[in-house]
Amino acid sequence: MPKFVQRIYPKRIWALPNNENKVYLTFDDGPIPEVTPWVLDTLKKYNAKATFFCIGDNIKKHPEIFQRIISEGHSVGNHTFHHLNGWKTETQSYVDNVLLFKKEIQSTRYSHLAPRTSLFRPPYGKITSKQANLLQQKGYKIVMWSVLSYDYDASVSEEKCLQNVLQNIDTGTIIVFHDSIKAQKNLRYVLPKVLEYCIKNNFSLNKNALI
């Protein structure tokens with residue numbers, strides 16, 4: 001993400017500098033049975049933790065996968081209930097959709113496992129200042145990113161997707177992947193290689209879920 005954009009919106013989280021060589025893996029748009037279980041298996045293989053910015057409607061459809069995310073020690077963030085584009089959605093409707101996500105987590109039969117997450121990532125990265133201010137007033141931390149893999153983009157090759165990540169990893173980096181159908185081809189190629197790179201270069205993986 002360009003530095004000037006980060007300077008315009010300093011109250012949003014773009015990276016998390018630290019002294020423990022941590023990088024932060026995040027996954028947007030799940031949970032879905034076609035991709036999320038594979039992501040969880042891969043993270044477990046490398047003893048890595050991540051943060052999943054889930055869509056509320058997908059939690060409703062696949063609560064057992066949501067349970068697994070939580071029970072395996074990963075963090076969960078709010079990605080709205082219906083994956084709304086903030087630039088195309090009226091402010092109150094947008095905020096209501098964020099709160100609908102919260103209601104779904106609280107009402108699921110796995111609610112005893114659900115964290116009281118304050119993490120929020122706007123779908124597409126698109127949110128108005130008014131929407132952001134209202135959510136921050138409600139205690140949400142708006143988490144953006146410093147590295148976007150473009151795994152969802154069919155015009156981006158597997159190798160290009162990998163280089164998008166490897167060429168930009170640094171301590172405190174927040175990396176965006178997607179556990180979605182359209183991202184899975186690139187993701188299945190890239191994720192193991194990113195995890196191997198992190199281990200080889202002494203980046204922390206087992207404590208890098210956003211809190």
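For the reader, a short list of remarks on this structure follows.
- Of all the criteria given as (1) within 14 Å of the chain's Cα centre (by Cα); (2) charged (D, E, K, R); (3) at pLDDT below 95, the one not satisfied by D151 is (3).
- Here S75 clears all of (1) under 14 Å from F177 (Cα atoms); (2) buried (at least 20 other Cβ atoms within 10 Å of the Cβ); (3) not hydrophobic (A, V, I, L, M, F, W, C) except the condition numbered (1).
- Criterion (of a type outside the set (A, V, I, L, M, F, W, C), touching a Pro at 6+ places or on another chain (Cβ under 6 Å) and within 23 Å of K141 (Cβ to Cβ)) met by exactly one of G86, G77, G56: G86
One line per residue, one yes/no per condition, for (1) at pLDDT below 95; (2) closer than 19 Å to A183 by Cα; (3) surrounded by 14 or more Cβ atoms within 10 Å (Cβ to Cβ):
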{"site": "P10", "(1), (2), (3)": "yes, no, no"}
{"site": "W14", "(1), (2), (3)": "yes, no, yes"}
{"site": "E34", "(1), (2), (3)": "no, yes, no"}
{"site": "A48", "(1), (2), (3)": "no, no, yes"}
{"site": "D57", "(1), (2), (3)": "no, yes, yes"}
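- Matching option when the condition is closer than 18 Å to A15 by Cβ and loosely packed, with under 14 Cβ neighbours inside 10 Å, among N201, N206: N201
- Within the stretch 78-100, restricting attention to residues that are within 12 Å of G30 (Cα to Cα) and buried (at least 20 other Cβ atoms within 10 Å of the Cβ), the residue that is farthest from the chain's Cα centre (by Cα) is F81.
- Qualifying residue in the stretch 171-185 (condition: surrounded by 15 or more Cβ atoms within 10 Å (Cβ to Cβ), under 23 Å from P122 (Cβ atoms), touching a helix residue (DSSP H, G or I) at 6+ places or on another chain (Cβ under 7 Å) and of a type in the set (A, V, I, L, M)): yes
- Restricting L135, L191, L166 to those that are farther than 30 Å from K88 by Cβ, crowded, with 19+ Cβ neighbours inside 10 Å and modelled with pLDDT of 95 or more reduces the list to L191.
- In summary, helices (runs of 4 or more DSSP H) completely within the stretch 16-77 and bearing 1 or more residues that are within 23 Å of N186 (Cα to Cα) and of a type in the set (V, I, T) occur at 36-45, 63-71.
- Odd one out for F66 among (1) under 22 Å from N133 (Cβ atoms); (2) buried (at least 18 other Cβ atoms within 10 Å of the Cβ); (3) not aliphatic (A, V, I, L, M): (1)
The values are calculated or read from the model by the stated rules, or taken from the named source; none is laboratory data. Everything numeric here is computed off the predicted structure, so don't read it as measured data. Note: ideal-geometry Cβ built from the backbone for every residue, glycine included; neighbour counts use all protein chains shown.
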